[in-house]
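The values are calculated or read from the model by the stated rules, or taken from the named source; none is laboratory data. Because the structure is predicted, anything quoted here is derived from the model rather than measured. As a convention, Cβ positions derive from the backbone with ideal geometry for all residues, glycine included, and neighbour counts pool all protein chains shown.
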Amino acid sequence: MNFDKLKDEWDKDDSNDLQIPISIKNLKSSSHPIDKLKKNMKWESYLHALGILIFAAYPYMLKFKPQLIPVYYICYSMFFVISAYYVYGFHKFYNSLNHYETDTKNSLLKIYYELQVNIEKYKSFGFLFLPLGLIIVGLHVYNKLLIKGKSLDFLTDKNIFTITFASVVIIGLIMFTINAWVNFFYGRYVKQIKSILDDLMQE
Amino acid sequence: MQINDEQSFLEYIEKHKGILKRITKMYAYNNEDRQDLQQDIIVQLWKSYNTFRGESKFSTWMYRVGVNTAITYLKKEKRSIQFQYKENFPELVFEEYKNEKDNQLQIFYRAVQELNQIEKAIIFYFMEGMTHKETALQLGISDINVRVRLNRTKDKLQKIIKKHGYEF
């Protein structure tokens with residue numbers, strides 16, 4: 001194979017047919033996988049945040065007894081602040097540069113670790129719903145007992161065991177689902193980047 | 001950014017659009033993907049434009065951002081699998097070449113699609129006339145590593161071309 005001859009053809013290959021836009025406004029939004037992935041994570045985090053906002057109305061939707069409402073809102077405010085922190089983080093991640101200006105190895109390393117960290121953050125944001133969900137269910141059960149004129153003393157050991165066992169199973173299932181969801185939609189791309197990086201690191 | 005920045009940026013891109021064209025030909029194998037990739041490289045170049053301080057040549061900076069964008073432009077696997085290891089090498093996949101003269105460069109571009117992302121970058125920089133040292137700086141690996149990989153990639157390309165019934 002004569003690469004010198006090929007290089008001559010390469011150099012002669014003109015680019016006059018390539019049209020460069022006359023304004024940046026004429027460019028469509030990026031379809032680059034990393035940008036798409038960031039955008040999806042940002043929008044999904046907004047949906048999570050919306051879910052947290054809907055939880056604000058729960059004590060009234062479920063007609064909580066007045067004495068339970070402050071307990072609920074103390075927990076809720078904690079989740080609200082933590083969620084705001086996460087959403088802000090995802091917003092920043094979406095607006096961050098993709099580090100393409102450094103050499104390829106550093107560029108891939110930065111992208112890989114940034115994606116990895118944010119995917120883990122994204123998972124933990126999903127896990128954040130678990131304690132909130134358990135508190136809501138717990139308060140809901142307690143509220144039902146109060147309406148019937150009962151208290152937690154009425155719960156038998158068997159009831160407590162069943163509730164604990166059911167909670168562990170449900171938490172396990174939700175964690176598995178979140179992991180599967182994230183790995184399916186985001187993990188594959190990170191694996192591809194890792195594989196390119198591994199190839200580049202081989203001396 | 002100011003309008004002046006945008007104008008100077010677009011002028012730079014216009015002047016160096018050959019780089020853009022050749023990168024996309026290396027990393028995308030149909031017109032639709034090429035247009036998407038061209039568009040994305042320009043978007044990323046514009047987003048990173050504030051990191052170009054004029055200390056290096058615009059073309060050097062453009063190579064970096066362009067190739068790094070292309071390397072990470074990993075589309076859904078089914079599209080690349082559709083291309084790889086086809087028995088009928090070029091004709092069925094590269095419709096845009098059907099009416100063009102089937103020259104060596106076109107065969108080369110087709111064969112390149114069977115290389116991995118890093119091999120494409122190495123052969124691209126070689127075709128652009130970069131030395132081993134310059135390629136090493138762009139990729140962040142050693143000169144020796146570039147030399148070894150380049151030789152291996154050239155051999156691989158030759159085998160791919162031969163496998164599909166061409167020789168030059």
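Hey, among A:V168, A:V182, which residue is of a type in the set (A, V, I, L, M, F, W, C) and surrounded by 17 or more Cβ atoms within 10 Å (Cβ to Cβ)?
Only one candidate qualifies: A:V182.
Looking at (1) modelled with pLDDT of 85 or more; (2) loosely packed, with under 13 Cβ neighbours inside 10 Å; (3) outside any helix (DSSP H, G or I), which is the only condition A:F64 fails?
The failed condition is (2).
Just to be sure before I move on: is B:R110 more than 10 Å from every other protein chain (Cβ to nearest Cβ) and surrounded by fewer than 16 Cβ atoms within 10 Å (Cβ to Cβ) in the structure I sent?
So B:R110 does not fit the description; no.
Would segment B:85-93 turn up any residue that is more than 12 Å from chain A (Cβ to nearest Cβ) and either buried (at least 18 other Cβ atoms within 10 Å of the Cβ) or modelled with pLDDT of 90 or more (or both)?
yes
For segment B:125-155, which positions are of a type in the set (V, I, T) and buried (at least 17 other Cβ atoms within 10 Å of the Cβ)?
Correct list: B:T135, B:I141, B:V146, B:T153.
Scanning segment A:137-164 for residues that are closer than 29 Å to A:Y122 by Cβ and among the hydrophobic types (A, V, I, L, M, F, W, C), which turns out surrounded by the fewest Cβ atoms within 10 Å (Cβ to Cβ)?
A:V137
So, in segment B:127-143, of the ones that are more than 8 Å from chain A (Cβ to nearest Cβ) and outside any loop (DSSP other than H, G, I, E, B), which residue ends up nearest to A:N106 (Cα to Cα)?
B:A136
When you look at B:K57, is it at negative phi and more than 9 Å from chain A (Cβ to nearest Cβ), yes or no?
So B:K57 fits the description; yes.
I'd like the residue in segment A:147-203 that is within 14 Å of another protein chain (Cβ to nearest Cβ) and not in a helix (DSSP H, G or I) and, out of all such residues, is nearest to B:Q117 (Cα to Cα).
Restricting to residues being within 14 Å of another protein chain (Cβ to nearest Cβ) and not in a helix (DSSP H, G or I), the top hit is A:Q202.
Within segment A:1-20, can you find the residues that are under 15 Å from B:I19 (Cα atoms), within 7 Å of chain B (Cβ to nearest Cβ) and assigned to a loop (DSSP other than H, G, I, E, B)?
A:D13, A:S15, A:L18, A:I20, listed by residue number.
Mind listing whichever residues of segment A:86-102 are over 8 Å from A:S45 (Cβ atoms), in contact (Cβ under 8 Å) with a residue 40 or more places away in the chain and among the hydrophobic types (A, V, I, L, M, F, W, C)?
Listed by number, the list holds a single entry, A:F93.
If you take the residues in segment B:1-33 that are in contact (Cβ under 8 Å) with a residue 12 or more places away in the chain and loosely packed, with under 13 Cβ neighbours inside 10 Å, which one is nearest to the other protein chains (Cβ to nearest Cβ)?
If we take residues in segment B:1-33 being in contact (Cβ under 8 Å) with a residue 12 or more places away in the chain and loosely packed, with under 13 Cβ neighbours inside 10 Å, then B:M1 is nearest to the other protein chains (Cβ to nearest Cβ).
Against the condition in contact (Cβ under 8 Å) with a residue 40 or more places away in the chain, surrounded by fewer than 16 Cβ atoms within 10 Å (Cβ to Cβ), closer than 30 Å to A:P59 by Cα and away from chain B (no Cβ under 14 Å), how does A:F79 come out, does it pass?
Taking the combined requirement at face value, the residue does not satisfy it.
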